[in-house]
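Just below is one structure, and these are the notes that go with it.
The values are calculated or read from the model by the stated rules, or taken from the named source; none is laboratory data. In this text, all values refer to a predicted model and were calculated from it rather than measured experimentally. Here the Cβ is made from the backbone with ideal geometry for all residues, glycine too, and neighbour counts use every protein chain on show.
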Amino acid sequence: MQTRVLTGITTTGTPHLGNYVGAIRPAIAASRRPEVDAFFFMADYHALIKSDDPARIERSRLEIAATWLAAGLDPNRVTFYRQSDIPEIPELTWFLTCVTAKGLLNRAHAYKASVDKNTEAGEDQDAGVTAGLYMYPVLMAADILAFNAQQVPVGRDQIQHIEMARDIAQRFNHIYGHEFFVLPEVVIEEQVATLPGLDGRKMSKSYDNTIPLFAGGAKQLRETIMRIVTDSRMPGEAKDPDSSSLFTIFHAFASETESHAFRRALEEGIGWGEAKQVLYERLEADIAPMRERYEELIARPADIEDILREGARKARAIASPKIAELRAAIGLRAMSSANLPAGGTRQATKAARPPRFASFRDTDGSFRFRLFSSEGDELLLSKSFKDPKEAGAVQKRLKVLGGAAATVHSLPRSLVLELDGEPVATAPDYTDEIERDEALSYLRAALDLLAVQEKSE
Ligand code: TRP
């Protein structure tokens, strides 16, 4: 069973070393693990909250896409897209907004920081605060929940946002009486979560203390490293590696053996200038080959566009049935399928045309069944059972399972559903992996619908 891991990167500034070490590199490493189903996207709707400069947003989207690809992201393996290419995200944002307590958003760190700043300056507490900034956590929750992401790797400053996404998901699940959303878990790379910047504070564009990853080439990298603030110890004087930004940055790139040697050199009194040169050379060894790919990619924006559109297609194949399911659950179905008697959601759910099972006797005398979607498409064919009661018992369990809880293995062109570690049904042959992934989303949505139905009976 794969774990769905999702992360977004806001497309304002230009990627720096801190972004690379804290987010991009660990995310790409994780995406290569076979048990990980990775989703990476450019949070360009979030970028609008921070910047109203179109040229900057546009430039940043291109740079960030090229950076992730140059750093080794394989778009065939992961789902890589732009937030603004997924209309289901703003739609879900509104659904979530309507169950989110305003008080929850009042407590968001970013919003509170603005309020505190205004209060200190004697201004109106909401001066200069847009509703976009206020809603930031809800949009982020939609990013995550639209795909039922299980794990979200982020920087420490984002932990509260993931907690809010959980709160909001729980509230929606509770109100509408079904586990529509998986509760996401935050993942922090303990070792190298944050790098110090030039002034020793956390490397961040808001402190203007960053070391660029690719921008300006090797020359810029070296010059910036030479500007890292150190203490005033002279060459020959012992330096404390543990309070030195140089060492922390070095350690984030180097092996334990290399780090050990650098530590010794500092303790033995290497001059700061020389130490910076050592740091530069070590970083350049990792960065140079990536920078070369980056330059190639940046020169071909149309190719990047194609990659992102394909990513959006894969992402929407999952978000779109999810939204359809939610629309049905909250009372926004097509009127033609809604044949409502008076009353609330219980009747509404009953009136929906549910996915259905069809049992049959196979030519060898065994008992099997198929599961069809509401639209009548075949989703599953069961294995053969000797005893019809066994086949019935499996159907019964599938009716209450729910999409998120189903264990489904993806084969190149098919799907296998398991119960208790045993395969019990397979999906038809699909023409490609994209169709298969689409079918998987429909299968999960159908299992969700069955479970809702079952509950209301
Ligand atoms: N807010 C995140 C940041 O600034 C970016 C982001 C947007 C994100 N949506 C997300 C991260 C969803 C993880 C999941 O770093």
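Figures for the structure shown
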{"read-out": "Checking Thr349 against (1) part of a loop (DSSP other than H, G, I, E, B); (2) at pLDDT below 60, the condition it does not meet", "value": "(1)"}
{"read-out": "Hits in the stretch 113-160 - residues which are among the aromatic types (Phe, Trp, Tyr), more than 11 Å from the ligand (Cβ to nearest atom) and in contact with a Lys or Arg (Cβ under 7 Å, 6 or more places away or on another chain)", "value": "none"}
{"read-out": "Criterion: assigned to a helix (DSSP H, G or I) and either touching a Ser or Thr at 6+ places or on another chain (Cβ under 9 Å) or more than 13 Å from the ligand (Cβ to nearest atom) (or both) - qualifying residue of Gly13, Gly18", "value": "Gly18"}
{"read-out": "Long-range neighbours under 9 Å by Cβ, at least six apart or interchain, first residue in contact (Cβ under 8 Å) with a residue 24 or more places away in the chain and farther than 27 Å from Pro153 by Cβ within the stretch 113-142, second of a type in the set (Val, Ile, Thr) and buried (at least 16 other Cβ atoms within 10 Å of the Cβ)", "value": "Thr130/Ile49"}
{"read-out": "Residues satisfying the stated conditions in the stretch 256-276, i.e. of a type outside the set (D, E, K, R), surrounded by 15 or more Cβ atoms within 10 Å (Cβ to Cβ) and either touching a helix residue (DSSP H, G or I) at 6+ places or on another chain (Cβ under 8 Å) or in a helix (DSSP H, G or I) (or both)", "value": "Ser259, Phe262, Ala265, Leu266, Ile270, Trp272, Ala275"}
{"read-out": "Among the candidates Val408, Val416, residue that is under 26 Å from the mean Cα position of the chain (by Cα), aliphatic (A, V, I, L, M) and closer than 22 Å to Phe39 by Cβ", "value": "Val408"}
{"read-out": "Some residue of the stretch 47-54 being in contact (Cβ under 8 Å) with a residue 40 or more places away in the chain, within 16 Å of the ligand (Cβ to nearest atom) and buried (at least 23 other Cβ atoms within 10 Å of the Cβ)", "value": "no"}
{"read-out": "Selected residue (only one of Ala29, Ala23, Ala38 is modelled with pLDDT under 95, closer than 30 Å to Val416 by Cβ and either away from the ligand (no atom under 14 Å from the Cβ) or out of contact with any Phe, Trp or Tyr (no Cβ under 7 Å at 6 or more places or on another chain) (or both))", "value": "Ala29"}
{"read-out": "Criterion (among the acidic types (Asp, Glu), in a loop (DSSP other than H, G, I, E, B) and modelled with pLDDT of 80 or more) met by exactly one of Asp437, Asp429, Asp448", "value": "Asp429"}
{"read-out": "Checklist (1) more than 21 Å from Glu63 (Cβ to Cβ); (2) under 27 Å from the mean Cα position of the chain (by Cα) applied to Thr210, failing item", "value": "(1)"}
{"read-out": "Condition met for Ala110 (under 30 Å from Lys314 (Cα atoms), within 13 Å of the ligand (Cβ to nearest atom) and either in contact with a Phe, Trp or Tyr (Cβ under 9 Å, 6 or more places away or on another chain) or of a type in the set (Phe, Trp, Tyr) (or both))", "value": "no"}
{"read-out": "Hits in the stretch 210-236 (condition: out of contact with any Lys or Arg (no Cβ under 6 Å at 6 or more places or on another chain), in a loop (DSSP other than H, G, I, E, B) and buried (at least 20 other Cβ atoms within 10 Å of the Cβ))", "value": "Thr210, Ile211, Leu213, Ile228"}
{"read-out": "Lys239, sole failed condition from (1) outside any helix (DSSP H, G or I); (2) modelled with pLDDT under 95", "value": "(2)"}
{"read-out": "Evaluation of Asn76 against (1) in contact with a Lys or Arg (Cβ under 8 Å, 6 or more places away or on another chain); (2) assigned to a loop (DSSP other than H, G, I, E, B); (3) away from the ligand (no atom under 16 Å from the Cβ) (one fails), failing number", "value": "(1)"}
{"read-out": "Selection status of Asp208, within 23 Å of Ala47 (Cα to Cα), touching a Gly at 6+ places or on another chain (Cβ under 7 Å) and acidic (Asp, Glu)", "value": "no"}
{"read-out": "Members of the stretch 219-252 that are of a type in the set (A, V, I, L, M, F, W, C) and either over 19 Å from Met203 (Cβ atoms) or free of Cβ contacts under 8 Å to residues at least 40 places away in the same chain (or both)", "value": "Val229, Met234, Ala238, Leu246, Phe247, Phe250"}
{"read-out": "Boolean, Ala149 is buried (at least 16 other Cβ atoms within 10 Å of the Cβ), part of a helix (DSSP H, G or I) and at pLDDT 95 or above", "value": "no"}
